């Protein structure tokens with residue numbers, strides 16, 4: 001059934017579906033098959049379609065909607081935009097539906113579909129596996145190419161083509177609907193442009209992060225985020241009654257592929273036997289862009305959220321560096337909102353997919369320019385700087401050729417101070433100990449998404465150590481991921497760290513606060529760096545989550561290592577930790593400062 005609708009765009013429902021120099025780009029004059037003064041401009045028809053696919057040995061149906069702009073036909077074809085939902089959503093959720101409408105109103109053929117295992121689409125939830133979800137999306141590209149019919153026999157001939165069977169097509173979507181773009185482009189090189197928003201690079205790091213660099217030791221289980229999404233997946237019959245039988249797996253793993261359930265059970269067990277860890281990490285990597293980015297050739301505009309403890313800025317940075325190094329055209333934007341807050345109600349002027357404010361938001365203009373350049377093939381379109389970041393202290397976005405490097409060092413003194421030089425380091429040692437229950441709090445992970453209150457971050461005395469700088473003489477702007485180099489002493493951890501279970505290794509949590517003159521402590525975007533120390537007898541380096549933050553005049557930086565965090569699994573047993581400092585042998589905190597100075 002076809003329905004003719006106008007350009008009016010609905011406001012997004014508040015749901016978990018999307019999981020979801022500073023000059024603004026000038027408004028774009030986008031190529032369109034319909035003249036601006038045509039009374040049908042901005043109008044389109046919507047046709048519900050079904051597509052039978054095979055994924056993982058199962059035959060199932062994908063539920064989709066085709067949005068066809070008025071005036072687009074075989075004589076006047078248009079590029080296509082393919083979009084799908086975030087985890088737990090469907091083609092009909094606020095963001096997916098509104099995205100398709102927004103592009104159809106701007107002259108693009110849009111195809112919105114419910115991902116495998118969601119909405120009214122069949123098959124199991126397979127975590128955006130390129131061989132399952134990616135190849136299923138490739139079958140939809142066949143339809144856009146005119147080489148495959150929908151289940152009702154519908155064949156289209158109004159999508160612009162670069163050759164026989166090769167439609168001009170871009171993809172856009174957030175979170176789960178972001179990773180599937182990279183998975184699709186890895187197996188189908190007909191994709192011409194990608195815009196993945198707030199998605200992951202490596203699920204090993206996303207769900208079980210170890211921010212100690214250069215190690216494969218598993219990290220600290222992000223239990224709140226992971227179990228929240230798992231319950232959404234397993235609860236699909238409650239969300240979508242009468243779902244396709246192809247979406248049922250086994251009594252112990254109802255709606256996911258078996259390896260996903262095995263991974264979730266292992267993480268919840270709190271144990272890391274070597275053989276199981278290897279199996280878990282191989283699976284997580286196989287469904288993560290980190291394993292298949294070398295096959296991605298489509299120009300990619302990465303958009304990541306600063307307020308996001310699920311998929312931090314570091315995830316986009318890792319994908320950006322890989323794509324850049326292999327010669328894939330790529331640029332990156334760090335916007336304000338992500339999974340941890342503001343996703344359903346972005347800050348004023350920020351991209352709001354539910355409202356379709358593409359022409360009036362910085363990120364929206366960048367997306368339109370990206371598609372204009374790579375789908376309309378307008379070579380003169382300016383797609384913006386290589387890297388841009390939202391600043392809440394100043395209007396507009398900051399721009400740079402690349403992510404700023406680490407530029408300033410502070411040293412951990414034995415008296416609890418952060419000092420500018422090693423000669424200022426006082427000799428001393430300090431100790432903390434964990435308890436059998438969490439004693440530090442960064443966030444309640446789902447609170448921002450569900451609109452629930454969340455206590456302010458805290459650290460209980462005796463269960464953490466902190467180092468504070470002197471009050472800043474002027475404002476300091478930090479853009480990027482801080483790093484810390486540490487050496488700790490923990491005889492209890494050393495005694496058990498070589499066991500056959502990696503869960504016996506020491507766990508700690510590193511973070512940087514903004515300490516105001518009145519004593520108010522702000523943990524920027526509630527972000528922490530979980531670490532499972534590979535070897536407590538050796539120094540180790542921690543990469544903290546990326547931030548964009550301005551420390552004001554008179555404020556102090558406070559670097560903290562804590563024994564636990566309420567959002568993560570922590571230590572097994574009591575493991576006291578001592579940090580020793582001396583002028584020639586002390587820890588170092590490095591900050592990516594872009595303006596101002598820490599000394």
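Residue count for segment 107-134 under the criterion of being within 22 Å of the chain's Cα centre (by Cα) and either over 22 Å from residue 93 (Cβ atoms) or not assigned by TED's automatic domain parsing to the domain that holds residue 46 (or both): the result is 2.
Restricting attention to segment 292-327, the residues that are more than 16 Å from residue 200 (Cα to Cα) and either in the same structural domain as residue 225 (by TED's automatic domain parsing) or surrounded by 20 or more Cβ atoms within 10 Å (Cβ to Cβ) (or both) add up to 2. Looking across segment 45-58, the residues that are over 20 Å from residue 90 (Cβ atoms) and either touching a strand residue (DSSP E or B) at 6+ places or on another chain (Cβ under 9 Å) or in a strand (DSSP E or B) (or both) come down to 45, 54.
Could you go through segment 277-291 and let me know if any residue there is surrounded by 14 or more Cβ atoms within 10 Å (Cβ to Cβ) and outside any helix (DSSP H, G or I). It would help to see each step written out before you state the result.
From segment 277-291, those surrounded by 14 or more Cβ atoms within 10 Å (Cβ to Cβ) are 277, 279-281, 283-291; that's our starting set.
Those still in the list that are outside any helix (DSSP H, G or I) too: 287-288.
Checked against the condition, which is being surrounded by 14 or more Cβ atoms within 10 Å (Cβ to Cβ) and outside any helix (DSSP H, G or I), segment 277-291 yields at least one hit.
Residue selection: residue 404 satisfies the criterion of being touching a strand residue (DSSP E or B) at 6+ places or on another chain (Cβ under 9 Å) and either in a loop (DSSP other than H, G, I, E, B) or exposed (fewer than 14 other Cβ atoms within 10 Å of the Cβ) (or both).
Exactly one residue out of 352, 357, 380 is crowded, with 23+ Cβ neighbours inside 10 Å and part of a loop (DSSP other than H, G, I, E, B): that is 352. Yes or no: segment 419-433 includes at least one residue that is crowded, with 21+ Cβ neighbours inside 10 Å, modelled with pLDDT of 95 or more and over 18 Å from residue 599 (Cβ atoms). There is at least one residue in segment 419-433 that is crowded, with 21+ Cβ neighbours inside 10 Å, modelled with pLDDT of 95 or more and over 18 Å from residue 599 (Cβ atoms).
Against the list (1) in contact with a helix residue (DSSP H, G or I) (Cβ under 8 Å, 6 or more places away or on another chain); (2) within 26 Å of residue 93 (Cβ to Cβ); (3) buried (at least 22 other Cβ atoms within 10 Å of the Cβ), the condition residue 388 fails is (2).
Taken over segment 189-223, the criterion of being within 23 Å of residue 90 (Cα to Cα) and assigned to a loop (DSSP other than H, G, I, E, B) is satisfied by 198, 199, 200, 201.
Would it be correct to say that residue 270 is surrounded by fewer than 20 Cβ atoms within 10 Å (Cβ to Cβ), under 26 Å from the mean Cα position of the chain (by Cα) and outside the structural domain of residue 567 (by TED's automatic domain parsing)?
Numbers: surrounded by fewer than 20 Cβ atoms within 10 Å (Cβ to Cβ): yes; under 26 Å from the mean Cα position of the chain (by Cα): yes; outside the structural domain of residue 567 (by TED's automatic domain parsing): yes.
Here the answer is yes, as residue 270 does meet what is asked.
Checking each residue in segment 555-599 for being farther than 17 Å from residue 533 by Cβ and outside any strand (DSSP E or B) picks out 555, 566, 567, 583, 584, 586, 592, 596, 597, 598, 599. Residues in segment 131-159 that are farther than 22 Å from residue 60 by Cβ and in contact with a strand residue (DSSP E or B) (Cβ under 6 Å, 6 or more places away or on another chain): 159 alone.
Yes or no: segment 229-236 includes at least one residue that is closer than 22 Å to residue 60 by Cβ, surrounded by fewer than 19 Cβ atoms within 10 Å (Cβ to Cβ) and in contact with a strand residue (DSSP E or B) (Cβ under 7 Å, 6 or more places away or on another chain). No; the residues of segment 229-236 include none that is closer than 22 Å to residue 60 by Cβ, surrounded by fewer than 19 Cβ atoms within 10 Å (Cβ to Cβ) and in contact with a strand residue (DSSP E or B) (Cβ under 7 Å, 6 or more places away or on another chain). Taken together, the residues in segment 306-339 that are under 17 Å from residue 391 (Cα atoms) and in contact with a helix residue (DSSP H, G or I) (Cβ under 8 Å, 6 or more places away or on another chain) amount to 7. Taking segment 239-262 as the range and being in a loop (DSSP other than H, G, I, E, B) and crowded, with 18+ Cβ neighbours inside 10 Å as the test, the residues that pass are 243, 249, 255, 257. Evaluate segment 165-183: report whether one residue or more is out of contact with any helix residue (DSSP H, G or I) (no Cβ under 6 Å at 6 or more places or on another chain), over 22 Å from residue 335 (Cα atoms) and in a loop (DSSP other than H, G, I, E, B). For segment 165-183, residues out of contact with any helix residue (DSSP H, G or I) (no Cβ under 6 Å at 6 or more places or on another chain), over 22 Å from residue 335 (Cα atoms) and in a loop (DSSP other than H, G, I, E, B): present. Segment 434-545 holds no strands (runs of 3 or more DSSP E) entirely within its bounds that carry 3 or more residues that are modelled with pLDDT under 95, closer than 26 Å to residue 584 by Cα and not assigned by TED's automatic domain parsing to the domain that holds residue 217. On the stretch given as segment 84-100, residues that are in a helix (DSSP H, G or I) and buried (at least 24 other Cβ atoms within 10 Å of the Cβ) total 5.
The values are calculated or read from the model by the stated rules, or taken from the named source; none is laboratory data. What you see is a predicted model; the values in this text were computed from it and never measured. When we count neighbours, we look across all protein chains shown, and the Cβ atoms used for this are built from the backbone with ideal geometry, even at glycine.
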